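Colleague: Shown below is the structure under consideration.
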Amino acid sequence: RPEWHCLPLKEPGDFLVPLLIRERFFFAVSNGLPCSNMFFQGRFRDRNVAQIGVALLNSTIVYLWLEILGRENIPGRINVYGPELKALPVPNPNLFDDAAERRVLELFGTLSRRKIRKILDEVNQADRRAFDEVIFDTLGLTEEERRDIYEALVTLVQRRLLKEQSVKKSKRKMD
């Protein structure tokens, strides 16, 4: 009898992103890893930009957009589903000349080899800032716009985490 209950395996995506995000943001290179329902896989339409595309997903400007677009269901966490990923603005990989692309990939490699810090610490790391600088330069952002991106992300994450604390306090009072 044929196995009617088995689902066909999907082709692995280019990246993985956690379904629930609290204090650490990251898009992991998939490398064909199987994943559970706690991660989403994504694939770039243009397979030629997958490598730099995953790097660009890990930029602070994309993290800011993820913070804005993510659903806040569980206190202190944002949920990332397919609609949020499809709507996520990502810097256009075609804007990066060969030198900028090499530099982005080199700096992303450095970031990829170390522990991911909480976003409130991550935005102050020298390697994170160097990575973002190449992206910001390519996008033509001013110093003020760069500063605003970091400040907005930190403010939104802090607000979300404060809401979590207030929900926990309210819950304790009710118990």
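Colleague: Consider all pairwise Cα distances in the stretch 66-175 and report the whole-number % of them above 18 Å.
Modeller: Of all Cα-Cα distances in the stretch 66-175, 63 percent exceed 18 Å.
Colleague: Considering only protein heavy atoms, with the full assembly of protein chains and a 1.4 angstrom probe, order E133, E122 by accessible area, largest first.
Modeller: Putting E133, E122 in descending order of accessible area: E133, E122.
Colleague: Distance cut-off 29 Å, Cα to Cα: go down the list K118/K163; K115/K173; K118/K169 and report the pairs above it.
Modeller: With Cα atoms farther than 29 Å apart: K115/K173.
Colleague: Magnitude of the Cβ-charge dipole of the stretch 7-108, K/R +1 and D/E -1, about the Cα centre, nearest 20 debye?
Modeller: 300
Colleague: Give me the distance between the Cα centres of the stretch 87-166 and the stretch 18-48, rounded to whole Å.
Modeller: 17
Colleague: So, one more: Might you work out the accessible area of Y150 for me, using a 1.4 Å probe with all protein chains in place, and round it to the nearest 10 Å²?
Modeller: Counting only protein heavy atoms, Y150 exposes about 10 Å² to solvent.
Colleague: Over the heavy atoms of R22, what accessible area does a 1.4 Å probe trace out, to the nearest 10 Å²?
Modeller: Here the accessible area works out near 80 Å².
Colleague: P(r) tail for the stretch 1-131, what percent of Cα pairs lie past 22 Å?
Modeller: Values: 3400 of 8515 pairs.
For the stretch 1-131, the fraction of Cα-Cα distances above 22 Å is 40 percent.
Colleague: Under a Cβ-only charge scheme (Lys and Arg +1, Asp and Glu -1), can you give me the dipole magnitude of the stretch 78-128 about the Cα centre, in debye to the nearest 20?
Modeller: That gives a dipole near 300 debye.
Colleague: How high is the relative contact order of the chain, in percent, counting Cα pairs under 8 Å that sit 6 or more residues apart?
Modeller: Value for the chain: 24 percent.
The values are calculated or read from the model by the stated rules, or taken from the named source; none is laboratory data. Model, not experiment: these values are computed from the prediction. We place every Cβ from the backbone using ideal geometry, glycine too, and count neighbours over all the protein chains shown. Calculation scope for accessible area: heavy atoms of the full protein, side chains included, ligands and nucleic acids excluded. Shrake-Rupley method; radii C 1.70, N 1.55, O 1.52, S 1.80 Å.
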